[in-house]
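The values are calculated or read from the model by the stated rules, or taken from the named source; none is laboratory data. Keep in mind that what you see is a predicted model, and the values were worked out from it rather than measured. Positions of Cβ are generated from backbone atoms using ideal geometry, with glycine treated the same way; all protein chains shown enter the neighbour counts. Heads up: the accessible areas ignore ligands, DNA and RNA and are worked out on the full protein's heavy atoms, side chains in. Shrake-Rupley method; radii C 1.70, N 1.55, O 1.52, S 1.80 Å.
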Amino acid sequence: MSKIAKLFKGSASSSSSSSSKSKHHRSRGGPSPQEAIHKLRETEEMLTKKQDYLEKRIEQEIMIAKKNGTKNKRAALQALKRKKRLEQQLTQIDGTLSTIEFQREALENSNTNTEVLKNMGFAAKAMKQVHENMDINKIDDLMQDITEQQDVAREISEAISGPFGDTFDEDELMAELAELEQEELEDSMKSMGGLPSVPSSKLPSARPSHRATTKKRVEDDDDMRMLASWAT
């Protein structure tokens, strides 16, 4: 069998095996996001290593071109051609890496969003399960009962803090107290011999009466008129 036949046979067998693997893989429902992210990371690592290899090859071809630049121009030109092809491959790998990084980041973000939504769904189900045992009408009745019990407790506190026994008019008590004080004062004065007697005769007034003052003023006016007539 020729090498070409073996090559086609090998490619056919690999194609059939890959197709069977692909069918088996699809039968499982496709790769998970974690598996896809892992494969993309492996591809990035492989392309990064290929970048390092190409950069080293480019440096080697540049050194060959410099070495044969004056001695062997044909060898120098061949080295520059190889450098150009390597640079093209390096440029293609750079673009492929950018695409793979973008795809991996998008897949990671989608996976994160999926996990977040799944956890939010779990929380919503748990909240719904908690609220299933709650009735709005029962809650309203409970709050009403709490309010009524608070009112009862407030009334009890007011009753406990209020005064015991009968209540009396404070004005009447003050008037009665004043009478008792007056009686006590009179009894005290009687025990001391009573008040001193008031004299029956009228005491002379220290100030002159109004009539005497008027008479004295008239006499003074007559005297002044007499002195005025003598002076003229």
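A single entry from E42, E108 fulfils the requirement of being in contact with a helix residue (DSSP H, G or I) (Cβ under 8 Å, 6 or more places away or on another chain) and at pLDDT 90 or above: E108.
Here the range 23-33 is the region considered, the condition is being surrounded by 11 or more Cβ atoms within 10 Å (Cβ to Cβ) and part of a helix (DSSP H, G or I), and the residue that is modelled with the lowest pLDDT is H25.
Kindly evaluate G95 against the criterion of being at pLDDT 90 or above, open to solvent by less than 90 Å² (accessible area, probe 1.4 Å) and over 21 Å from S32 (Cβ atoms).
yes
Looking for something touching a Gly at 6+ places or on another chain (Cβ under 8 Å) and in a helix (DSSP H, G or I) - is there at least one such residue anywhere in the range 81-97? No - not one qualifying residue is present in the range 81-97.
Being open to solvent by less than 70 Å² (accessible area, probe 1.4 Å), touching a residue at least 40 places away in the same chain (Cβ under 8 Å) and of a type outside the set (V, I, T), is that true of even one residue in the range 111-128? Within the range 111-128 (the criterion being open to solvent by less than 70 Å² (accessible area, probe 1.4 Å), touching a residue at least 40 places away in the same chain (Cβ under 8 Å) and of a type outside the set (V, I, T)), the answer is yes, since at least one residue qualifies.
Selection of the range 54-67 for residues being open to solvent by less than 30 Å² (accessible area, probe 1.4 Å) and within 19 Å of D94 (Cβ to Cβ) yields L54, I58, E61. Could you list, in sequence order, the residues of the range 78-117 that are over 37 Å from the mean Cα position of the chain (by Cα) and among the charged types (D, E, K, R)? Selection gives K81, R82, K83, K84, R85, E87, D94, E101. Test of understanding: among T70, T48, which residue is without any contact (Cβ under 8 Å) to a residue 24 or more places away in the chain and either assigned to a helix (DSSP H, G or I) or exposed (fewer than 13 other Cβ atoms within 10 Å of the Cβ) (or both)? Result of the check over T70, T48: T70.
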